[in-house]
Amino acid sequence: MKKFRFQWGAFLMFVVFGGLFFILFGRILFIQMTGQVDGKELAKIAANQYEKHAVLQANRGAIVDRNDVPIASDTLSYHVVAVLNEAASKNSKRKYHVVDYKETARVLAKYLPLKEREIYDKMKNAREGAWQIEFGHAGKDLNRETVLKMKEELDRKKLSGILFVEGKKRFYPNGRFASYLVGFAQKEELENNLTVTKGKMGLEKTYNEQLTGIDGKVNYQSDGWGYLLPTASKQITEPKDGQTIKLTLDKTISNFVEEAMDQVEEEYSPKKMMVLVSNPKTGEILAMSQRPTFNPMTREGLTENWLNDAVEQTIEPGSPMKMFTLAAAVEEGKWAPDDYFKSGSYRIYDRVIRDVNVDGWGTITFMEGLQRSSNVGMAYLLERIGDQKFIEYVHKFGFGKQTGIDLPNEAAGVVLDNYPAERLTTSYGQGSTVTPLQMIQAASAIANNGVMMKPYVIDQIIDPNTKEVLENHEPEESGTPISAATAKEVREILATTVTSENGTAQKYHLENYAVGGKTGTAELPKTDGKGYMSGPGNYLYSFLGMAPIDDPQLLIYVTVQQPKLKAGEQGSDPVSKVFNPIMENSLKYLNIAPDDEQVIPVKKVGDYEREDAETAASLAVEDGFQTVLIGEGGKVTKQIPKADTKLPEDSIILLETKGDTTFPDMTGWSKKVVLSFMNLSKLDIRINGEGYVVGQSVTEGTVVNKKDPIVVELRTPEQQYNKKKSNEDKEQNEEVQIMGG
């Protein structure tokens with residue numbers, strides 16, 4: 001029998017490993033029971049390792065015109081990244097980093113505003129160990145077309161390492177269009193390295209909170225390498241796009257404004273210009289622009305002046321103020337157009353007031369004095385009204401206080417009322433200050449039969465996520481300073497400033513429409529505030545006019561400061577070259593019948609909504625209209641124009657139903673009808689030109705969907721005539737060549 005020997009080594013191993021087992025078992029049991037490791041919740045650690053999230057970027061709200069045409073919106077953009085670290089291609093047959101620096105730089109230089117050498121140096125001299133680099137501003141905000149061309153050439157030449165990171169940028173498709181009103185937004189980098197787009201000026205800044213969207217996110221579970229687990233579910237929080245700001249501006253009328261201002265700026269190089277166009281019956285601002293201006297995409301042209309001159313700057317208005325002095329005299333029964341006064345000069349205490357013609361025109365009637373824009377005539381008229389009574393009318397017309405427009409930093413101007421001389425100079429527009437917006441508001445009372453309309457530029461604010469209208473601005477009266485009879489008489493008198501041989505506004509005559517208004521040549525205060533400037537062209541020239549004068553549909557105020565006039569030219573030359581094309585083209589665009597045309601009989605549109613499409617079409621035809629169906633048929637859910645609208649016979653009525661739309665023949669349609677069709681159908685229609693439809697990229701009868709872009713070509717009657725004439729001349733020349741050959 002062998003003697004038992006105690007194995008100390010084995011015993012010690014048993015104790016050690018047994019102890020470790022019990023410690024590990026106890027630790028596992030503790031973790032299972034408490035769910036914690038070192039005081040931290042295990043679930044949270046796992047979530048941090050395996051749960052991922054991605055940001056779903058919200059769109060900044062769009063700014064659109066009255067017809068939903070974009071003025072400012074978000075669009076896709078890209079920035080270039082060059083991956084330099086070889087580790088990006090580790091364990092891969094394919095290269096993911098830049099290998100050929102020289103050839104890559106050569107390709108990128110074709111598309112980026114950088115020289116080939118600059119690009120090469122940026123990559124070659126990058127910080128040691130850097131994973132990737134970017135190319136600053138030059139490599140950002142690239143459009144899709146540019147990126148596709150770059151990518152195609154890089155792939156063709158088998159160049160690796162260039163990535164295009166998708167993002168969003170603020171897009172202003174109309175360039176310098178109403179830039180001081182719209183303003184601009186730009187990206188800012190936050191502390192967490194995220195970027196956000198912020199409004200810096202104009203409507204973009206004022207309505208930044210409403211325009212800013214709320215980003216969404218996606219939460220999902222992944223494995224250790226970041227791949228989505230097959231059994232994992234995704235939690236999605238949808239992004240909420242910023243609110244849509246719908247303006248009263250009309251893009252077409254605004255384009256007329258920009259074109260006219262560009263031409264005058266090129267010809268006369270004025271120090272400043274400003275144009276306001278409004279609907280005097282509603283107070284809607286249809287166009288607002290100024291010079292100098294800038295491109296909101298690039299900020300090119302932006303100076304230290306960030307003010308919207310029509311709203312935030314005050315001026316001495318000059319002679320356009322005389323129309324309100326005239327209105328006060330007519331309303332008070334003090335206007336006697338055939339009475340006489342001695343022109344030339346007028347003394348008030350120790351001060352002498354003079355006409356622009358210092359020697360005067362002799363003894364003339366008050367009507368001729370108004371037509372010649374006589375300051376002395378206003379002085380004698382003020383005697384009849386009474387200077388205190390006149391100041392009451394100045395305030396009734398809204399001067400000296402804000403209009404209350406839905407724009408920031410509105411100035412109020414100052415009505416000088418301390419001394420008789422100040423009240424006198426105010427009667428012809430000197431001394432007291434106003435804003436251009438106040439002039440437009442005050443003149444609306446004359447154009448709108450005595451009812452003064454508050455100007456506004458925001459039509460609606462809409463939540464694009466729910467289509468809910470959050471704010472809906474309606475026309476609002478701001479007073480009735482004069483009667484309808486007075487307004488009519490003042491309009492008739494103002495028309496004579498254009499038609500009379502003595503009138504200062506003869507250059508504002510339009511071939512097709514009767515215009516009425518008042519010219520202005522206001523003195524400019526010296527920069528030191530001591531007196532006024534003198535010398536050729538050192539004035540603020542202006543015209544405040546309306547048309548058609550019997551029933552004004554448009555009110556336009558134009559100012560041109562210190563233009564470089566040629567020998568023999570007057571201040572009315574550059575101003576009329578702005579005013580005339582805007583008024584003429586805008587009235588035609590709005591389908592306002594010219595004065596010499598016969599009055600076309602109109603018919604009232606019926607209520608076709610909720611009717612079956614076939615029934616509605618039959619009823620519309622019986623009423624004397626044509627119909628165009630949007631959708632497949634069934635009940636009519638909406639119609640344009642609305643019931644009770646008065647239209648000429650054979651006008652088009654749009655009937656909306658559900659389903660896909662069969663595209664019609666749009667030939668001859670006005671832009672207004674095309675825009676209405678686009679808004680109802682929600683089709684991607686791209687309008688090229690102005691006037692009436694002459695061509696379309698989709699044939700009649702094609703069933704179209706909302707993703708297919710459709711191009712519609714428009715031409716004005718003048719363009720169509722010129723093209724036809726050109727074709728006829730070409731055909732005639734070809735015939736001559738054939739005969740000669």
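Of everything listed in (1) touching a residue at least 24 places away in the same chain (Cβ under 8 Å); (2) out of contact with any helix residue (DSSP H, G or I) (no Cβ under 7 Å at 6 or more places or on another chain); (3) surrounded by 13 or more Cβ atoms within 10 Å (Cβ to Cβ), the single unmet condition for residue 686 is (3).
Going through (1) surrounded by fewer than 16 Cβ atoms within 10 Å (Cβ to Cβ); (2) modelled with pLDDT of 85 or more; (3) over 30 Å from residue 603 (Cβ atoms); (4) of a type in the set (A, V, I, L, M, F, W, C) one by one, residue 736 falls short only on (2). Any residue in region 324-335 that is touching a strand residue (DSSP E or B) at 6+ places or on another chain (Cβ under 9 Å) and aromatic (Phe, Trp, Tyr)? Scanning region 324-335 turns up no residue that is touching a strand residue (DSSP E or B) at 6+ places or on another chain (Cβ under 9 Å) and aromatic (Phe, Trp, Tyr). The residue pairs whose first member lies in region 445-463 and is farther than 10 Å from residue 248 by Cβ and among the hydrophobic types (A, V, I, L, M, F, W, C), whose second member is part of a strand (DSSP E or B) and open to solvent by 10 Å² or more (accessible area, probe 1.4 Å), and whose beta carbons are closer than 6 Å, counting only pairs six or more residues apart or on different chains, are 451/477; 452/478; 452/479; 461/470; 461/471; 462/244; 462/469.
Give the residue, chosen from 650, 665, 644, that is out of contact with any helix residue (DSSP H, G or I) (no Cβ under 9 Å at 6 or more places or on another chain), closer than 19 Å to residue 592 by Cβ, open to solvent by 50 Å² or more (accessible area, probe 1.4 Å) and not in a strand (DSSP E or B). Quick ask: steps written out before the conclusion?
Values: 665 fails: closer than 19 Å to residue 592 by Cβ; 644 fails: closer than 19 Å to residue 592 by Cβ.
Sole residue among the options that is out of contact with any helix residue (DSSP H, G or I) (no Cβ under 9 Å at 6 or more places or on another chain), closer than 19 Å to residue 592 by Cβ, open to solvent by 50 Å² or more (accessible area, probe 1.4 Å) and not in a strand (DSSP E or B): 650.
For region 152-194, the set of residues classified as surrounded by fewer than 13 Cβ atoms within 10 Å (Cβ to Cβ) and closer than 23 Å to residue 300 by Cα consists of 188, 189, listed by residue number. If you go through region 79-91 one residue at a time, do you hit one that is more than 20 Å from residue 149 (Cα to Cα), open to solvent by 20 Å² or more (accessible area, probe 1.4 Å), among the acidic types (Asp, Glu) and in contact with a Lys or Arg (Cβ under 6 Å, 6 or more places away or on another chain)? The answer is no, given that none of the residues of region 79-91 is more than 20 Å from residue 149 (Cα to Cα), open to solvent by 20 Å² or more (accessible area, probe 1.4 Å), among the acidic types (Asp, Glu) and in contact with a Lys or Arg (Cβ under 6 Å, 6 or more places away or on another chain). On inspection, residue 120 qualifies as open to solvent by 30 Å² or more (accessible area, probe 1.4 Å), among the hydroxyl-bearing types (Ser, Thr, Tyr), modelled with pLDDT of 85 or more and over 30 Å from residue 686 (Cβ atoms). Beta carbons closer than 6 Å, at least 6 apart along the sequence or on distinct chains, pair a first residue in region 469-483 that is at pLDDT 95 or above with a second that is open to solvent by 40 Å² or more (accessible area, probe 1.4 Å) for 476/454; 478/454; 481/396; 482/331.
Determine, yes or no, whether residue 300 is open to solvent by 10 Å² or more (accessible area, probe 1.4 Å), more than 27 Å from residue 536 (Cα to Cα) and touching a Lys or Arg at 6+ places or on another chain (Cβ under 8 Å).
Values: open to solvent by 10 Å² or more (accessible area, probe 1.4 Å): yes; more than 27 Å from residue 536 (Cα to Cα): yes; touching a Lys or Arg at 6+ places or on another chain (Cβ under 8 Å): no.
No: the conditions fail for residue 300.
Does residue 593 count as among the hydrophobic types (A, V, I, L, M, F, W, C) and part of a loop (DSSP other than H, G, I, E, B)? Considered against the rule, which asks whether it is among the hydrophobic types (A, V, I, L, M, F, W, C) and part of a loop (DSSP other than H, G, I, E, B), residue 593 comes out as yes.
Conditions tested, residue by residue: (1) among the charged types (D, E, K, R); (2) closer than 30 Å to residue 676 by Cβ; (3) at pLDDT 85 or above.
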position	(1), (2), (3)
67	no, yes, yes
77	no, no, no
99	no, no, yes
103	yes, no, yes
106	yes, no, yes
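The single condition among (1) more than 22 Å from residue 287 (Cα to Cα); (2) out of contact with any helix residue (DSSP H, G or I) (no Cβ under 6 Å at 6 or more places or on another chain); (3) in a loop (DSSP other than H, G, I, E, B); (4) among the hydrophobic types (A, V, I, L, M, F, W, C) that residue 421 does not meet is (3). Of the helices (runs of 4 or more DSSP H) lying entirely inside region 96-162, those carrying at least 2 residues that are over 42 Å from the mean Cα position of the chain (by Cα) are 101-109. Out of region 68-78, which residues are open to solvent by 30 Å² or more (accessible area, probe 1.4 Å) and not acidic (Asp, Glu)? Within region 68-78, 70, 75, 76 meet the criteria. Of a type outside the set (Asp, Glu), surrounded by fewer than 19 Cβ atoms within 10 Å (Cβ to Cβ) and under 28 Å from the mean Cα position of the chain (by Cα), is that true of residue 561? No: the conditions fail for residue 561. Considering only residues in region 451-497 that are charged (D, E, K, R) and touching a Gly at 6+ places or on another chain (Cβ under 8 Å), the one that is nearest to residue 401 (Cα to Cα) turns out to be 454. Only residues that are surrounded by fewer than 16 Cβ atoms within 10 Å (Cβ to Cβ) and in contact with a helix residue (DSSP H, G or I) (Cβ under 6 Å, 6 or more places away or on another chain) were counted across region 349-385, and they come to 1. If the condition is being open to solvent by less than 40 Å² (accessible area, probe 1.4 Å) and touching a Lys or Arg at 6+ places or on another chain (Cβ under 9 Å), then region 325-343 contributes 326, 328, 329, 335, 336, 343.
The values are calculated or read from the model by the stated rules, or taken from the named source; none is laboratory data. Note that the structure is predicted; figures quoted are calculated from it, not measured. FYI the Cβ positions are ideal-geometry reconstructions off the backbone, even for glycines, and counts take in every protein chain you see. Surface areas here come from the heavy atoms of the whole protein model, side chains and all, with no ligands, DNA or RNA. Shrake-Rupley method; radii C 1.70, N 1.55, O 1.52, S 1.80 Å.
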